[in-house]
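Chemist: One structure is given below, represented as structure tokens, and several questions about it will come after.
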Amino acid sequence: MSAVGGLLLFPGAGSGRDHPSLVAIERAVSGGDGPGVPVVRADFPYRREGRRAPDRPAKLIACVRDEAAAVVTSHGIDAAALALGGRSMGGRMCSMAVAEGLPAAALVLVSYPLHPPGRPDKLRVEHLPAIEVPCLFVSGTRDPFGAPEELTSHTAAIAGPVTHAWIEGARHELKGADDEVAGTVAAWLKSL
């Protein structure tokens with residue numbers, strides 16, 4: 001992994017840092033087939049405080065910035081060599097932080113929530129044109145948060161290179177696909 005010196009991952013709104021897909025990604029990226037890079041799985045403040053409802057985006061984005069700074073310091077990584085991402089809301093908050101200027105090597109966006117289920121009019125895309133780093137989107141072909149055609153169409157606004165990986169027949173949870181997701185992420189990061 002030339003361009004990437006570490007990976008910081010966040011969970012979706014309803015889960016924590018120990019979500020099986022994040023654990024699988026950590027295993028694949030930090031070791032897997034040869035030497036890997038450090039991977040940190042982080043929780044958002046509301047989760048650490050035992051609350052179920054996510055905080056407002058500004059607080060979540062501040063958490064992404066703080067955790068990224070901590071990883072850069074603790075692992076001696078250049079800020080621009082840290083890849084960021086996660087599942088659903090976690091990945092979205094990382095993409096928003098990068099759009100606001102947080103340095104990053106790349107974004108790993110698993111089950112990106114393009115819009116709430118059944119609400120394609122409520123798009124979450126305003127920040128996408130400000131993203132200039134390579135982005136990997138790993139999504140199920142039956143995800144109610146964004147169909148493949150919708151995701152492909154809207155992510156074309158991203159200034160950096162975009163890669164899509166589809167898990168055939170999978171919904172938002174990508175149930176049973178943790179190893180496939182992890183392998184896809186690890187291979188993509190190595191290719192950068």
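Chemist: Highest first, please rank the peptides 136-144, 45-53, 161-169, 87-95 by the mean number of other Cβ atoms sitting within 10 Å of their residues.
Modeler: Working: 136-144: 21.3, 45-53: 11.4, 161-169: 14.6, 87-95: 26.8.
The packing order, highest mean first, is 87-95, 136-144, 161-169, 45-53.
Chemist: Along the charge dipole of region 13-72, Cβ charges K/R +1 and D/E -1, which of 36, 57, 15 sits furthest on the positive end?
Modeler: The residue sitting most towards the positive pole is 57.
Chemist: At residue 132 and residue 73, where each label point lies 7 Å from the Cα along Cα→Cβ, what is the point-to-point distance in nanometres?
Modeler: Placing both labels 7 Å beyond Cα along the Cβ direction yields 2.7 nm.
Chemist: Right, something else. Pairs of Cα atoms under 8 Å, at least six residues apart: use those to get the relative contact order of the chain, whole percent. Walk me through the numbers on the way to the answer.
Modeler: Working: 397 pairs, mean separation 43.8, N = 192.
After rounding, I find 23 percent.
Chemist: If you wrap a convex hull around the C-alpha atoms of region 1-80 and split its volume per residue, what is the figure in Å³?
Modeler: On the way: hull volume 7.3 nm³, N = 80.
Spread over its residues, the Cα hull of region 1-80 gives 92 Å³ apiece.
Chemist: Under the 0.36 nm per residue contour assumption, what length would be gained going from the current alpha-carbon distance of residue 191 and residue 149 to full extension?
Modeler: Values: separation 42, 0.36 × 42 = 15.12 nm, distance 2.51 nm.
Between residue 191 and residue 149, full extension yields an extra 12.6 nm.
Chemist: Simple spin-label model, 7 Å along Cα-to-Cβ: residue 66 to residue 163 in nm?
Modeler: Distance between label points: 3.2 nm.
Chemist: So what's the back-of-envelope 222 nm ellipticity for the chain, counting only DSSP H runs of four-plus at -39500 (n - 2.57) apiece and dividing by all residues, rounded to 500?
Modeler: Working: 6 runs with 68 residues, N = 192.
Only helices count here, giving -11000 deg cm²/dmol.
Chemist: Next question, about the same structure. Put one equal scatterer on each alpha carbon of the chain, apply the Debye formula with no solvent term, and list log10 I(q)/I(0) at q = 0.09, 0.11 1/Å to two decimals.
Modeler: -0.27, -0.42
The numbers here are math on the coordinates, done by the rules we state, and not lab data. Please read these numbers as outputs of a predicted model, since none were measured by experiment. Backbone-built Cβ (ideal geometry, glycine too); neighbour counts: all protein chains shown.
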